[in-house]
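This report refers to the structure that appears directly beneath it.
The values are calculated or read from the model by the stated rules, or taken from the named source; none is laboratory data. Since the model is a prediction, treat every value here as computed from it, not as a measurement. So basically every Cβ, Gly included, is an ideal-geometry build from the backbone, and we count neighbours across all protein chains shown. When the accessible area is computed, the model is the full protein with side chains, heavy atoms only, and any ligands, DNA or RNA have been set aside. Shrake-Rupley method; radii C 1.70, N 1.55, O 1.52, S 1.80 Å.
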Amino acid sequence: MNKLNFLQPDKNNFYTYLYTGVILVALSIFIVFLNSFFNKDIVSFLPGPISFFLPLILGFTGLHLIRIDYSGLRFLDSINKNINTNNFNAFLSLLIVFVVIKSLPPLLSWFIIDANITGDSKDVCTGSGACWTYIKIWFNRFMYGMYPNPEQWRINLSFIALAFLGCVGFFATEKFKKYLTLYYVVVYPIIAFFFIFFFISGGPIFFDFSYGIIAAVISIILGFFIPSKFKMYYFIIVPITLYILLKYVFFYEELIELGKLEALEWVETGAWGGLSLTFIVSFFCLIFCFPIGLFLSLGRRSDFPIIKYISIGMIEFWRGVPLITVLFMSSVMFPMFLPEDMFIDKLVRVIIAISLFEAAYVAEVIRGGLQALPRGQYDAAKSLGMGYWKMHILVILPQALKLVIPGIANTFLALVKDTPLIFVVGLLEIVGMLNLAKTNPEWLGFAMEGYVFASVLFFIICYAMSKYSYNLEQKYKTER
Amino acid sequence: MSDKIIQITEMNKWFGDFQVLKNINLEVEKNKKIVVCGPSGSGKSTLIRCINRLEEHQQGSIIVDGNELTEDTKDIEKIRAEVGMVFQQFNLFPHLSILDNCTLAPIWVKKMPKKEAEDLALQHLEKVQISDQANKYPGQLSGGQQQRCAIARALCMEPKIMLFDEPTSALDPEMIKEVLDAMVNLAKAGMTMIVVTHEMGFAKEVADEVIFMDEGMIVERAETKEFFANPKSDRTKLFLSQIL
């Protein structure tokens with residue numbers, strides 16, 4: 001038997017080193033575990049400083065003993081390679097494990113063990129943990145803001161419908177695949193806009209929406225019987241005629257006023273709020289800021305001085321001012337420049353303001369991608385006879401946008417997390433609702449639960465987006 | 001007149017203060033193969049880039065197939081579509097497959113039906129012997145294969161003139177041969193070609209005329225045999241003695 005050398009463990013006496021090491025590490029973790037979960041200090045008989053550092057010393061020695069290269073045990077090798085490469089890394093790994101064990105009990109007790117979720121008033125929250133009852137009671141408000149309770153099905157229905165329409169891409173057959181881009185870039189946003197503008201907003205305008213839908217459906221059905229030669233004219237003339245007929249002939253406006261036809265109740269945008277508003281604002285800002293940013297980035301590289309300097313001016317202006325002042329201006333200053341009788345809804349102004357603001361960032365991100373492309377790509381496209389737009393749409397942008405997916409995702413995530421700032425114009429999305437609920441005299445002192453709740457929701461949204469962007473990156477990856 | 005497909009007269013070009021092309025006069029007849037050679041920085045590439053206006057000239061005139069290239073040329077794209085170009089760095093579109101690289105311009109610029117464009121592309125890819133790679137991406141091909149694909153891509157537009165800008169300079173010796181073979185075949189098929197190259201073997205085999213350029217000027221222009229047998233200027237003699 002070879003001599004044991006504890007300073008330099010090797011493959012002779014392998015199992016002696018291994019078992020001693022494992023026992024030491026296990027012991028150290030056990031001591032910390034007992035201390036943290038059961039508040040028992042089993043090494044208290046030792047002098048203070050030594051008992052405090054004992055787990056660290058034991059664990060460190062243990063990890064030193066099991067650090068044997070090419071041991072043949074796959075598990076041991078992977079530990080050594082990943083967390084135990086040298087003394088310093090072993091020390092850091094131990095420290096991290098201890099910190100996690102130490103911090104688990106208080107977190108667990110706050111989140112679960114001492115938390116309350118039953119009951120429906122503040123009185124049940126007596127424990128030292130979180131009061132999830134608060135979230136439960138206010139859940140409706142956090143989701144829908146001040147939107148009247150009996151009307152909330154409209155939001156649900158719209159979101160479900162939009163989610164369903166958004167999934168169309170997964171079910172499209174080969175034949176329709178080539179129209180998908182057009183659908184997502186043009187048709188889908190328009191549908192979404194109509195849903196939100198007419199359905200969630202409601203009011204007499206809802207009738208226009210329904211006339212529009214009826215007219216569209218009828219003309220599409222009739223469209224199957226029309227020879228393709230006339231289709232172009234048909235789809236312009238017939239829907240409009242039908243719409244006018246429905247609006248002014250078949251359904252008299254008086255009928256509505258008499259109450260024989262009932263519109264959806266009008267809910268002003270000031271009452272919208274909560275998570276649904278977060279979604280609405282983020283969705284539209286994302287949709288609008290991308291094309292605006294795209295055009296700004298192309299404009300900045302344009303040869304025409306006017307376009308170029310307007311683009312530079314736009315980008316530098318919007319990048320140079322804080323979002324909060326932009327929002328404030330949009331609600332306070334902007335209406336002053338409008339004619340007396342003209343009124344643009346607060347939410348619309350906010351969406352325009354955020355879109356322009358973020359478009360400046362998107363523009364610079366895309367410009368980065370455009371500059372990363374070698375000049376040869378432009379030369380090649382030109383030499384094949386492509387003009388400016390063909391060159392950009394077919395050759396340059398597909399490559400540039402692929403390069404900047406991470407940057408765009410970054411900007412979009414920032415945008416979603418910027419939406420709470422719309423509180424400055426009095427729109428309360430989820431964080432705004434939290435701040436409001438926090439000041440309710442009945443429910444004072446539960447800010448913590450609210451912010452944790454909002455953080456979790458935002459994390460889920462943002463993590464989903466970042467995952468999606470990563471998938472896109474992988475999907476469009478081709479070898480260069 | 002009619003068989004002169006390119007006419008350059010009194011052309012001058014500056015990059016900033018530096019004059020790259022000095023008083024260029026050049027006429028190229030249909031179906032002629034011209035090789036342009038000369039030391040680096042002598043303006044060879046710039047000259048042929050001017051022919052499809054990837055670079056703008058400041059003085060003189062360039063007439064390609066009866067159309068003068070000026071700042072006002074509205075349909076420069078139409079002229080470019082008639083002039084194919086092959087680059088030193090291949091410049092294939094990395095986001096498209098080989099087949100899509102070849103069909104992109106015919107479909108979108110010439111409005112050719114997709115099926116027809118694909119047949120045409122496969123035909124040209126067959127000529128340069130890479131039709132079996134049609135569904136791969138440029139990044140998966142060797143340099144020689146990429147350059148042959150670039151030739152096929154230019155041919156798919158069915159150009160009247162082909163410009164080659166040092167097509168073999170970025171390749172290793174084995175691949176140079178396969179690209180040159182493709183070019184020789186093309187020359188034999190009767191294409192009008194202007195080739196900037198250092199491959200004197202290629203020049204001897206296919207060129208009708210050789211142009212020697214130095215410091216932005218055309219120093220010598222001669223029939224191929226004449227050029228190699230008894231060059232007139234001393235500069236040409238020096239160049240040939242170094243390169244051969």
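Among the residues of the stretch B:103-145, those with an accessible-area drop of 40 Å² or more from chain alone to full protein complex, heavy atoms and 1.4 Å probe, are B:L104, B:W108, B:V109, B:G139.
The helix-only estimate of mean residue ellipticity at 222 nm for the protein assembly as shown, built from DSSP H runs of length n ≥ 4 each weighted as -39500 (n - 2.57), is -17500 deg cm²/dmol after division by the residue total. In degrees between 0 and 90, to the nearest 10, how far off the longest principal axis of chain A does helix A:87-108 point, with axes built from Cα atoms? Helix A:87-108 sits roughly 60 degrees off the main axis of chain A. Rounded to the nearest angstrom and listed largest first, the equivalent-ellipsoid semi-axes of the stretch B:174-244 from its Cα gyration tensor are 23, 13, 11. Think of a 1.4 Å ball rolled over the protein heavy atoms: chain A then has 58 Å² of accessible area per residue. Taking 31 Å as the limit for the C-alpha separation, the pairs B:K30/B:K237; A:K382/B:K237; A:K346/A:K467 exceed it in the case of A:K382/B:K237; A:K346/A:K467. For the pair B:D234 and B:A189, the difference between a 0.36 nm per residue extended length and the Cα-Cα distance amounts to 12.7 nm.
Inter-label distance, A:V456 to A:I112: 1.2 nm, where each label sits 7 Å from its Cα along the C-beta direction.
How many percent of the accessible area of the stretch A:317-357 is carbon or sulfur, using a 1.4 Å probe? That share works out to 75 percent.
Once you sort the root eigenvalues of the Cα gyration tensor of the protein assembly as shown as a ≥ b ≥ c, which label holds: rounded (a/c under 1.5), prolate (a/b larger than b/c) or oblate (the other case)? Oblate. For the listed residue pairs B:K4/B:K110; A:K475/B:K114; A:K178/B:K127; A:K308/A:K417; A:K11/A:K81, the alpha carbons are over 21 angstrom apart in B:K4/B:K110; A:K475/B:K114; A:K178/B:K127; A:K308/A:K417. Chain A against chain B buries an accessible area of about 2100 Å², both chains summed, 1.4 Å probe radius. For the Cα atoms of chain A, what angle does the longest principal axis make with the long axis of helix A:274-300, in degrees from 0 to 90, nearest 10? Taking the Cα atoms of chain A, the angle to A:274-300 is about 80 degrees. At a probe radius of 1.4 angstrom, the accessible area of the stretch B:116-244 per residue rounds to 44 square angstrom. When only Cα pairs below 8 angstrom with a gap of at least 6 residues are kept, chain A shows a relative contact order of 13 percent. The modelled label-to-label distance for the pair B:Q129/A:V168, using points 7 Å beyond Cα in the direction of Cβ, is 5.0 nm. Of the heavy-atom accessible surface of the stretch A:14-113 (probe 1.4 angstrom), what whole percent is carbon and sulfur? Percent of accessible area from carbon and sulfur atoms in the stretch A:14-113: 75. Between B:D181 and A:I307, what FRET efficiency comes out of the Förster formula 1/(1 + (r/R0)^6) with R0 = 41 Å and r the beta carbon distance, rounded to 0.05? Approximately 0.30, to the nearest 0.05.
By the Cβ rule of 4.7 Å, chain A holds the following cysteines without a possible disulfide partner: A:C167, A:C285, A:C289, A:C462.
Highest average first, the peptides A:431-440, A:453-462 ordered by how many other beta carbon atoms sit within 10 Å of their residues are A:431-440, A:453-462. Here the label points at B:K110 and A:F88, each 7 Å from Cα along the C-beta direction, are separated by 6.4 nm in the simple model. Take the Cα of A:I220, go 7 Å toward its beta carbon, and the backbone nitrogen atoms of the stretch A:136-158 under 18 Å from that spot belong to A:158. For helix A:231-245, report the angle its Cα long axis makes with the longest principal axis of the Cα atoms of chain A; keep it between 0 and 90° and round to the nearest 10°. Once rounded, one gets 80 degrees. Among residues other than B:P231 with Cβ under 14 Å from its Cβ, the summed charge is 0 (Lys and Arg +1, Asp and Glu -1). The mean sequence distance of close C-alpha pairs (under 8 Å, at least 6 residues apart), as a share of the length of the stretch A:103-172, puts its relative contact order at 20 percent.
Taking the Cβ of B:G144 as the center, what net charge do the other residues with Cβ under 11 Å away carry, scoring Lys and Arg +1 and Asp and Glu -1?
Here the charged neighbours net out to -2.
If I take R0 = 51 Å and measure r between the Cβ atoms of A:I237 and B:T70 in this structure, what FRET efficiency does the formula 1/(1 + (r/R0)^6) give, to the nearest 0.05?
Values: r = 46 Å, r/R0 = 0.89.
Result of the calculation: an efficiency of 0.65.
Tally the DSSP beta bridges in the stretch B:115-244 and give the antiparallel ones as a percent, rounded to 5.
Antiparallel bridges: around 55 percent, rounded to the nearest 5.
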